[in-house]
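Rule-based calculations on the coordinates, nothing more; no lab input. Quick caveat, the model's predicted, so the values are computed rather than measured. Cβ: placed from backbone, ideal geometry, glycine included. Neighbour counts: every protein chain shown.
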Amino acid sequence: MSIRTRNWLLLAPAGTLFLALLIVPLTVVLVFSFGERAPAGGVVPAFTLEQYANLPARWTAFKNTLTLAPIGTLAALLIAYPLAYFLAVRVDPRWKTILLILVIVPFWTSILIRSYAWMFLLGGRGLPAALEWIGIEGVRLINTPFAVLVGIIYGYLPLMVFPIYVSLDRLDKRLLEASSDLGSPPWRTFLQVTLPLSVPGIATGCMLVFILLMGEFLIPAMLGGGKVFFVGNALVDLFLQSRNWAYGSAVAVALVVVMLITVTAYMRLLNRLGARRDDVAIM
Amino acid sequence: MRFYAFSVYLFLYIPIGVIALFSFNAGRSASELQGFSTKWYGVALSNPFVMDALKTSLTVALTSAFLATVFGTMAAVALQGISGPVRKAFDLLVYVAVMIPGIVIGIATLIGLVTVFDQINPFIAAIWPDALEAPRLKLGMGSLIAAHAMFLMALVIIIVRARLAGMDRALTEASSDLYATAFGTFLQVTLPLIFPAVLAGFLLSFTFSFDDFIIAFFVAGSETTLPVYVFSSIRRGVTPEINAIGTMVLAVSLILLFAAQMLLRRGARPSR
């Protein structure tokens, strides 16, 4: 058997799976988004831009997503950076591995259960009850943008810490010594040496978190209680409740397009800033 | 600094701890501790809906993780040796599979498969001897396994290729110079070297599939996985039973994840 045949055989199952469950389904979404809604709930093939013209009807969902996703990403960055710095630069090497694993592991556990935990904590008998006990009354936390933001930070903090940690860990510690030997105060070393050198990690972390947030459904569904909803929630509603596949497909395509535009603009910006793009695995 | 790190760890683990704590509540209330008891674990484990959902979740996770690992490793090994348009196409597909939001994958699989099935079903009915008894393709465990396997396969390809890239090429060359067959080289040289990554890929795939809610929500048809069950019971009202299920789910993921982390770390060190 030639190497060529062997490679084809090895790639055949993966290729088939990609074709049947990625290429074909995504094409159907694209085709349906130009179709018309059938009375029975399916789609009548057509070529109309009607569904796209109706997109403003779901503007609130896009607005919420495009506000809370960047705010959540930024908040996660601000909380993650000092921790990543601590882990990479300050911690005793013996403890590094275990402390790092302790940060990453929650990300790979059920986001459903973790959001449920916050439903529990922010709900009427959780934190608000505790606040009442110390005399602050009438605080409502659950089903507010704040609750969704807490859920977002909680859910995606590990994903932000890891790439920043990797870029800080790779940083040559002698540079920091050189900077302080040359008389720079610590804050100046940080601003002029550490921070610029960790930009690739920051960039990767922000992009991973932002991309995942754009398609978020569970966190707003559980902590926003129908008041704070994302595009993901609109999509569930369109496909599983009102069964409007044509319009739903257009919303899905719009979501992916908005995502691609934002990510491309972001990469352009980074390139202009002269940052080197480091490939950091998702783990 | 130390204090800050400590408080972030508290932030990460207190909610998980609270869930676990309340799963041992003796009372019915999900918010007031009324003594210690493991009875909710008994309630959860004897609830037939929970057990059915658990069985579905385990079947889906095992099968899709297995398929993803085998097909993904095969593809990663083949991609290592080729270049040109095929390689580019696969790189693009892996990228797309990972970048597209899970919810869009779920939707696309739902309407894609329903559309394809609607085309095929009349055809099967036409050639089946008894049209009324003809099998009908519909969404269910099969479609969920396929959807998970596709996404997870992309993940396995990334993980295994990272390991293959770090492998010393001289080893496989030496093996073939010593007259080992291509398959022999794979079994005796390549596979042992990439095995930690393959196993870690399997464990991560299993965990992901077991915890996935959004794809299952769209694609599982009339089947219910554990996360889908938990989501709908939370909507009906919160009881310590959900905490007990949640604690068990977290415990399973935590054990598998520590195993995967250890393997990836051991794999990352040169093992010669």
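Label positions at A:L195 and A:R243, each projected 7 Å from the Cα along the C-beta direction, are separated by 5.6 nm.
Can you compute the equivalent ellipsoid semi-axes for the protein assembly as shown, i.e. the square root of 5 times each eigenvalue of the Cα gyration tensor, sorted largest first and rounded to whole Å?
Details: eigenvalues 255, 235, 130 Å².
Semi-axes (√(5λ), whole Å): 36, 34, 25.
Dividing the mean sequence gap of close Cα pairs (under 8 Å, 6+ apart) by how many residues the stretch B:51-268 holds gives a relative contact order of 36 percent.
Spin-label model, B:R235/A:V139: points 7 Å from Cα along the beta carbon direction are separated by 3.1 nm. Counted residue by residue at 0.36 nm each, then reduced by the alpha carbon distance between them, the extension gain from A:K96 to A:E132 reaches 9.0 nm. Go ahead and set up a Gaussian network model of chain B, Cα springs under 10 Å, then flag whichever of B:I145, B:I234, B:I19 fluctuates most. Most flexible of the set in this elastic network: B:I234.
Between A:A40 and B:R28, take the C-beta separation as r, use R0 = 45 Å, and let me know the FRET efficiency to the nearest 0.05. Don't skip to the answer; put the middle values down first.
Numbers: r = 44 Å, r/R0 = 0.98.
Given R0 = 45 Å and the Cβ-Cβ separation, E is 0.50.
Label-to-label distance for B:W128 and A:S180 is 7.6 nm, based on points extended 7 Å past Cα in the beta-carbon direction. Here the convex hull built on the C-alpha positions of the stretch B:51-268 has a volume of 167 cubic angstrom per residue.
Please report, in cubic angstrom per residue, the volume enclosed by the convex hull of the alpha-carbon atoms of the stretch A:58-272.
Values: hull volume 33.2 nm³, N = 215.
Output value, Cα hull per residue: 154 Å³.
Within the stretch A:44-73, what residues put their amide N at less than 13 Å from the label point 7 Å along the Cα-to-Cβ vector of A:Y266? Under cut-off, by backbone N: A:66-73.
Computed from the C-beta positions of A:V89 and A:K63 and an R0 of 60 Å, the FRET efficiency is 0.95 to the nearest 0.05. Peptides B:118-128, A:87-97 ranked from most to least packed, by the mean per-residue count of other Cβ atoms within 10 Å: A:87-97, B:118-128.
Give me the dipole magnitude in Debye, nearest 20, for the stretch A:58-272 about the Cα centre, with unit charges on the beta carbon: positive for Lys and Arg, negative for Asp and Glu. Working shown, then result.
On the way: 16 positive and 9 negative charges, 52 e Å.
The calculation lands at about 260 debye.
Assuming R0 = 45 Å, what is the FRET efficiency of B:F186 and A:L171, from their Cβ-Cβ distance, to the nearest 0.05? Using R0 = 45 Å, I get an efficiency of 0.75.
GNM on chain B, alpha-carbon springs under 10 angstrom: the most fluctuating residue among B:P101, B:P15, B:P48 is B:P15.
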